[in-house]
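The values are calculated or read from the model by the stated rules, or taken from the named source; none is laboratory data. Everything numeric here is computed off the predicted structure, so don't read it as measured data. So basically every Cβ, Gly included, is an ideal-geometry build from the backbone, and we count neighbours across all protein chains shown. Areas reflect the complete protein model, heavy atoms only, side chains present, ligands, DNA and RNA absent. Shrake-Rupley method; radii C 1.70, N 1.55, O 1.52, S 1.80 Å.
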Amino acid sequence: MRRLAGLLVVPLLLLSTVACGSDDKGSDSTSSKNGLPAITAGAKFGQKPTLAKGEGDPPKELKVEVISKGDGATTKKGDALQVNYLGQTWVSDKPFDNSFDRKEPLDLTLGAGDVIPGWEKGLEGQKVGSRVEMSIPPALGYGDQAKGDQIPANSTLVFVVDILKATTIPVSAKGTEVAQDNIDLPKVGINTDGKAPSVTFPKESDPPKKLVSNYVLEGTGPVVTAKDTVIVNYEAYLWNGAKKFDSTYQRGKPQTFPLAQVTLKGLKDGLVGKKVGSRLLLVIPPDQAFGAEEKQGVPKNSTLVFAVDLLTKV
C-alpha cells in the first residue's frame with residue numbers, strides 16, 4: 001500500500017498566538033549551565049535566537065536544558081505540537097534551518113515519527129510556553145547520513161525550540177449521524193472506537209463528475225479554513241474496483257495537513273468549511289485529484305474516495 005501523504009503536501013525543509021507563556025522569558029542572552037552552546041542574542045521566548053559554536057567535544061548523550069519554563073500543559077506522546085525552532089551543528093555558528101525567518105511554526109505529533117528521535121525524546125514532558133535547548137547526538141539525529149551541505153554525516157545537532165501549543169488528538173470523530181441516502185455514493189461506517197470505518201461501494205453506479213463532501217458524522221467543533229493545519233485519519237480508495245490504496249489507520253498514526261500546502265485540490269476543498277470533530281465522505285473526480293497523471297500506483301484519470309475523520313486543528 002502506497003503512502004499518499006507525500007503527494008498531497010508540499011514538503012517542509014526539516015523534519016498563531018503563543019499559548020500559555022509568561023510575558024518575561026529571559027534576558028537577551030544566556031550562558032548554558034549544561035555545557036550547551038550559549039545563546040548570544042534573542043534568548044527570550046518568541047525571539048529568534050543566535051547560538052554560539054559548541055565548545056570542546058559534544059555530549060555523547062541527549063542533553064536538554066530548559067531555558068525558560070512555560071506554565072502550560074505538559075506535553076505527552078500523541079499530542080499535536082506547534083513549535084518554532086532554530087537548528088545548527090555543534091561545530092558551526094551558522095543555522096541550517098529555522099522557522100522564525102519563515103514565520104511558519106512547525107506542526108508535529110509526538111511519538112508519530114514526524115521528526116528525529118532526539119526531538120521526540122527532548123520535547124516530551126515539557127511545558128507549553130517553554131523554550132528548550134537540545135544537543136542531539138548522531139544516533140538520535142541523522143546518524144551517518146549527511147543532509148545537504150550543511151549537516152555532515154555523524155553530526156551532533158543543536159536546537160533551540162519554543163513550544164507554542166499542545167493539542168490532545170481524539171481517537172475518532174464523534175458527532176450527529178447524518179443520513180447517507182444517496183444510493184449512488186459509497187456508504188461509510190459510523191463506529192467511534194478509533195478503528196477504521198468501513199466503506200461500502202455501490203455496485204452499479206458511475207462516479208460523480210463533481211466533488212462530493214458529505215458529513216457522515218457532524219461534529220461540533222470550529223469550521224475549518226483554508227489557512228488551518230488539520231489532523232486527520234483517513235481511508236483512501238480508488239472508485240474503480242473499490243481498491244484501498246492508503247490508510248492512516250494501517251500506519252497507526254494520524255496525518256497532519258497544513259491546508260495551505262495541500263496540493264490535491266479536491267481534498268483541500270472538501271475539508272474547508274467542515275466542522276472539526278466530523279467524519280466525512282469525499283469523492284474526488286480526476287480533475288480535482290491527479291488528473292491524467294499516474295501517481296505511485298494511482299492510475300491516471302482516477303476518481304478517489306476518502307473516509308476522513310477531521311480530528312482536530314492546530
Subject >> Evaluation of residue 233 against (1) of a type outside the set (Ser, Thr, Tyr); (2) over 20 Å from residue 183 (Cα atoms); (3) open to solvent by 20 Å² or more (accessible area, probe 1.4 Å); (4) not in a helix (DSSP H, G or I) (one fails), failing number >> reply: (3)
**OP:** Go through the range 176-189 and give me each residue that's outside any strand (DSSP E or B), open to solvent by 40 Å² or more (accessible area, probe 1.4 Å) and touching a Ser or Thr at 6+ places or on another chain (Cβ under 8 Å).
**Re:** 183, 184
Subject >> Extreme residue, farthest from residue 90 (Cα to Cα), among residues of the range 50-64 that are under 25 Å from the mean Cα position of the chain (by Cα) and buried (at least 18 other Cβ atoms within 10 Å of the Cβ) >> reply: 64
Original post:
Among the residues of the range 146-159, is any over 30 Å from residue 57 (Cβ atoms), part of a strand (DSSP E or B) and at pLDDT 95 or above?
Top reply: no
Subject >> Criterion violated by residue 227 - all others in (1) closer than 30 Å to residue 47 by Cα; (2) open to solvent by less than 30 Å² (accessible area, probe 1.4 Å); (3) not hydrophobic (A, V, I, L, M, F, W, C) satisfied >> reply: (2)
Subject >> Selection within the range 265-281 - surrounded by fewer than 23 Cβ atoms within 10 Å (Cβ to Cβ) and either at pLDDT below 95 or assigned to a strand (DSSP E or B) (or both) >> reply: 275
**OP:** Would you mind listing the strands (runs of 3 or more DSSP E) fully within the range 35-131 where at least 2 residues are out of contact with any Lys or Arg (no Cβ under 8 Å at 6 or more places or on another chain) and over 12 Å from residue 158 (Cβ atoms)?
**Re:** 39-41, 79-89, 106-109
Original post:
Are any residues in the range 152-175 over 23 Å from the mean Cα position of the chain (by Cα), surrounded by fewer than 22 Cβ atoms within 10 Å (Cβ to Cβ) and closer than 28 Å to residue 117 by Cβ, and if so, which ones?
Top reply: 152, 153, 154, 156
Original post:
For the subset of the range 260-295 comprising residues that are basic (Lys, Arg) and under 26 Å from residue 183 (Cα atoms), which member is nearest to the chain's Cα centre (by Cα)?
Top reply: 268
Original post:
Can you name the residue in the range 190-216 that is among the basic types (Lys, Arg) and closer than 16 Å to residue 239 by Cβ and, of all such residues, is least open to solvent (accessible area, probe 1.4 Å)?
Top reply: 210
Original post:
Is the range 110-118 home to any residue that is in contact with an Asp or Glu (Cβ under 9 Å, 6 or more places away or on another chain), under 16 Å from residue 165 (Cα atoms) and open to solvent by less than 10 Å² (accessible area, probe 1.4 Å)?
Top reply: yes
**OP:** Spot the failing condition for residue 89; the list is (1) closer than 19 Å to residue 59 by Cβ; (2) at pLDDT below 95, and only one is missed.
**Re:** (2)
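Here is a yes/no grid of residues against (1) closer than 23 Å to residue 78 by Cα; (2) open to solvent by less than 40 Å² (accessible area, probe 1.4 Å); (3) among the aliphatic types (A, V, I, L, M); (4) in a strand (DSSP E or B):
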| site | (1), (2), (3), (4) |
| --- | --- |
| 245 | no, yes, no, yes |
| 250 | yes, no, no, no |
| 292 | no, no, yes, no |
| 307 | yes, yes, yes, yes |
| 310 | yes, yes, yes, yes |
